[in-house]
Amino acid sequence: DGLEGSTGASPRSSLEHAGLPTELGLRETHLALTALGLRGLVKLRAGGGVKTETDAIKLMLLGADQVTIATALMIAQGCVHCNLCHTGACPTLIAGQLNPRAVYPGSAEHVKRFLLEFGAAIGRLAARLGFSHPKALVGRSDLLCVRSASDLASTLPDAYGVDTAALLRRVSLLDLSMLTATPPHARAFRATGRIDGFDRTIVEQLDRDQDLLDALESGRSIQRTFTLTSRSSIDFAVSVAGRIARRWGRDGWPHPQLIQLRTYGTAGQSYGAFCIHGLELVHSGSCNDGVGKAMSGGRIVVRQPEGFVGKSWETTLVGNTVAFGATGGTIFVQGRAGQRLAVRNSGATIVCEGAGEYACEYMSAGRVVLLGPASGSIGAGMTDGVIYVYDPEGSEDVRFAVDSRSVAVVTPSEVDRYEELLPLLDAYYEATRSERAREARQNLYDFHKVIPNAALMEETRRQLAVDVGGTIAG
């Protein structure tokens, strides 16, 4: 993601004065991987200011296998680009729910139509270039040409006080030949439909398991067991979640028992991504990044491998971006998580024994329980939801770790402790047999509660109203 990309909460100094052009980094990466013979093992994804099919095609010609669309997609669902994402007062309810007069103007149909038309436009432009499929464009920088300063002169608007002649002279000095040149070692590269070198045996095994397919169709419970490696389990169970969604919808699974997939070993990227109601994944071992990303329901349990000896709360068991963009469901991890735990969580429940930096950024709903410390800031840009942090040493470090511009640390109430936290710890202990959880449930007064500042102010106003009303009535 280059200098053109940003979130709506980015400070102006970052928007205007930080970053490098996407094109330069993308092209250098593509050529370096090709020279080392590694290009077929990697999917390059690029973004930053992609608004039209022409923007996307240019990045593909420079070496991108995939293109990220961010701001344009947000606008398609109703974003008005007011840069209030970090305040919770989004007027369209997309980035926060604290504005009582806000109305969400978009729909899933708007996003669907935008993506379909965007893809069709890319296909049409690829056809004009003489290709039957856009993937054939990847790395074909020989189809690009650098516009001259004289060509640009006709497109520059007349702006008061801007010396366009001087600007064009500086443009003419730029050497962009590295973007269009194709070295001999890069000419042999051809984009393929899949990443080379990854074992798809387990994915194909899931898709061929007729008994499992029948259970998904009829809505009955079933259990399966697999041994995973990082090369054989990328996006594990995504196809199962997709079949459940197509047959039963997001929340329509009819059976009280779930489809349960038990796994062992080292899980690859995106274990349990898009998990849905009706599916339970239980893994003994470690997981790479992206566990439970974009999940909407179901349950994921990650436990220490059999024979583990040590303190689980000092061991990182899952990678970065756990539950990224999740809207529902539950994740229990018997160990620490990596960086960016529960970023943009908007409804999931997560319990783990600590986390890396940037935990719970932009969180807008849901619950997170940390049974160990989190490195760096907690809750930056958080607009709703709740975080509980276990602090048995009474160090108060959590008060220094939170982003005080977004969230506040308060003392949990008795209702918080015994009606929300205790049942959650009991369920977590039953699933993981975590010693840390057993200790924590006996020490509920050692928890801190982290909530957004806006929610704290609203809670204070309600309490004042109750106190004043009681005084008047008395």
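Readers should treat all values here as calculations from the given coordinates under stated rules, not as data from a laboratory. Computed from a prediction, not measured in an experiment: that's the story for all the values here. Quick reminder, even Gly has a Cβ in these numbers, built from the backbone with ideal geometry, and neighbours come from all protein chains shown.
Between amide H atoms placed 1.01 Å from N, distances below 5 Å from Ala46 occur with Gln66, Val67, Thr68, all of them 5 or more places distant or on a separate chain. Computed over segment 358-474, the P(r) tail beyond 16 angstrom holds 62 percent of alpha carbon pairs. Here Asp207 and Gln257 are evaluated by their C-beta separation; at R0 = 22 Å the FRET efficiency comes out at 0.45.
Annotation note: GluC sites (Glu not before Pro) in segment 266-342 located in DSSP loop regions with a Cβ neighbour count of at most 11 within 10 Å are Glu306. Under 25 Å of direct C-alpha separation, and excluding same-chain neighbours fewer than eight residues apart, Lys449 reaches these lysines: Lys293, Lys311. Both radii were evaluated on the Cα set of segment 201-466; the Rg over Rh quotient, with Rh as the Kirkwood radius, amounts to 0.99. Taken over the Cα atoms of segment 295-402, the convex hull encloses 78 Å³ per residue.
The ranking of Met295, Met60 from fewest to most other beta carbons within 10 Å of each one's beta carbon is Met60, Met295.
The share of C-alpha pairs in segment 42-153 whose separation exceeds 17 Å stands at 63 percent. Of the peptides 424-437, 34-47, 330-343, the ranking by mean beta-carbon count within 10 Å, highest at the top, reads 330-343, 424-437, 34-47.
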